[in-house]
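Right, one structure below, let's go through it.
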Amino acid sequence: MTNLNLSADEVLTTTRSVRKRLDFDRPVDRALVLECLDIALQAPTGSNSQGWQWMVVEDADKKKAIAELYEKNFNAYAAQPGREYEEGDTRADRQEKVRSSAYYLAENFHRAPYLVIPMIEGRLDEGMPTFGQASQWGSILPAVWSFMLALRERGLGSAWTTLHLPDEQATAEILGIPFERYTQAGLFPVAYTKGTDFKLAKRLPAAELTHWDTFGNH
C-alpha cells in the first residue's frame with residue numbers, strides 16, 4: 001500500500017486510538033513495521049541515550065498469552081466506577097462509545113497481526129524522584145508517538161494500552177525480556193485500519209486549559 005500523503009497537521013490531528021476499526025484479517029508485512037520503527041527511532045531521547053528496544057510479537061500462542069493477561073486486568077479496571085464529568089462536558093458524550101470499543105479490543109487483542117511492546121533500558125524503582133521518572137519516560141514516549149504517526153501515514157493503526165503492565169514480569173517471562181534491565185512502556189496492537197478517513201476528535205479548547213504566568217490565569 002502506498003502512503004496516504006497526509007500533511008504534518010493532518011497526521012497529527014487524525015491519529016486516533018483505533019480499536020473497532022482494526023482489520024484483524026488483513027496481513028501486515030514485517031518490512032512495514034520496521035519502516036515505521038526506523039522513523040520512530042529518529043525521535044529525541046534523553047542525553048541521546050537511545051536506550052530503547054522494541055518487541056514485536058507475531059507468534060499466535062504468545063499473542064494469546066499476553067492478550068489473556070491484558071483482558072484479566074482490563075476486566076478488573078472496567079469494573080471500577082467510571083469518571084464523572086460536569087454537565088455540559090463534551091467528554092461525557094463519548095464515554096459509552098469509548099467503553100464499547102475498549103471492551104471490543106480486550107476481547108480481540110490476540111487477533112492483531114502484531115503486538116508491539118516498546119521498552120526503555122533501566123527500571124523505575126519505587127521512590128524514584130519525579131526528575132528520574134520524567135527523564136525515563138521522556139526517552140521513550142516521543143518515539144512511541146512517532147511510531148503511531150508513521151503507522152497512520154501508511155494506513156495502519158493502533159491503540160496505546162498499558163493494562164498488561166500489572167503483569168509486566170509475567171509478560172517479560174513469556175517473551176524472554178530481561179525484566180531487571182528493561183521497563184515496558186505499553187502494548188500496541190498493530191493492523192491495517194478499515195478505511196483511512198479519520199476526523200479530528202472533540203477536545204476541550206486550548207484556551208480553557210492554558211495558564212499564563214499564574215495557574216488559573218487564562
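Only the coordinates and a few stated rules stand behind these numbers; no lab work does. None of these values were measured; they are calculated from a predicted model. For neighbour counting, all protein chains shown are included, and Cβ atoms are generated from backbone atoms with ideal geometry for every residue, glycine included.
Computed extension length for D38-T210: 58.5 nm, one decimal, from 0.36 nm per residue of separation with the Cα-Cα distance subtracted. Using only the alpha-carbon atoms of the stretch 98-218 as identical scatterers, what base-10 log of I(q)/I(0) does the Debye formula give at q = 0.10, 0.17, 0.22 Å⁻¹? Evaluating at q = 0.10, 0.17, 0.22 Å⁻¹ gives log10 I(q)/I(0) of -0.44, -1.08, -1.30. Each residue, V98 and F24, gets one label point 7 Å from its Cα in the Cβ direction; the gap between the two is 2.3 nm. Counting only lysines at least 8 places from K199 when in the same chain, those with an alpha carbon closer than 16 Å to its own are K20, K97. Peptides 11-22, 33-44 ranked from most to least packed, by the mean per-residue count of other Cβ atoms within 10 Å: 11-22, 33-44. 3J(HN,Hα) couplings calculated from phi for the stretch 63-72 with the Karplus curve 6.51 cos²θ - 1.76 cosθ + 1.60 (θ = phi - 60°) are, in sequence order, 4, 5, 5, 5, 4, 5, 5, 4, 5, 4 Hz; Gly and Pro show x.
Using the average count of surrounding beta-carbon atoms within 10 Å as a protection proxy, the listed peptides 46-57, 181-192, 121-132 rank, highest first, as 181-192, 46-57, 121-132. Net length available on complete extension from W160 to R203 is 13.7 nm, with 0.36 nm assigned per residue and the Cα-Cα distance removed. Give me the lysines in straight-line cross-link reach of K72: C-alpha distance below 18 Å, same-chain residues under 8 apart excluded. Answer for K72, where 18 Å is the Cα cut-off: K62, K63, K64, listed by chain and number.
Within the stretch 97-164, the proportion of Cα pairs with more than 16 Å between them is 61 percent. Seen from R152, the other residues with C-beta closer than 15 Å to its C-beta sum to a net charge of 0, counting Lys and Arg as +1 and Asp and Glu as -1. Report note on the peptides 198-208, 143-153: ranked by the mean count of other C-beta atoms within 10 Å, highest first, their order is 143-153, 198-208.
Averaging over all projection directions, the Cα-based convex hull of the chain occupies 14.1 nm² in the image plane. Extension gain for the segment E173 to N75, taken as residue separation times 0.36 nm less the Cα-Cα distance, is 33.0 nm to one decimal.
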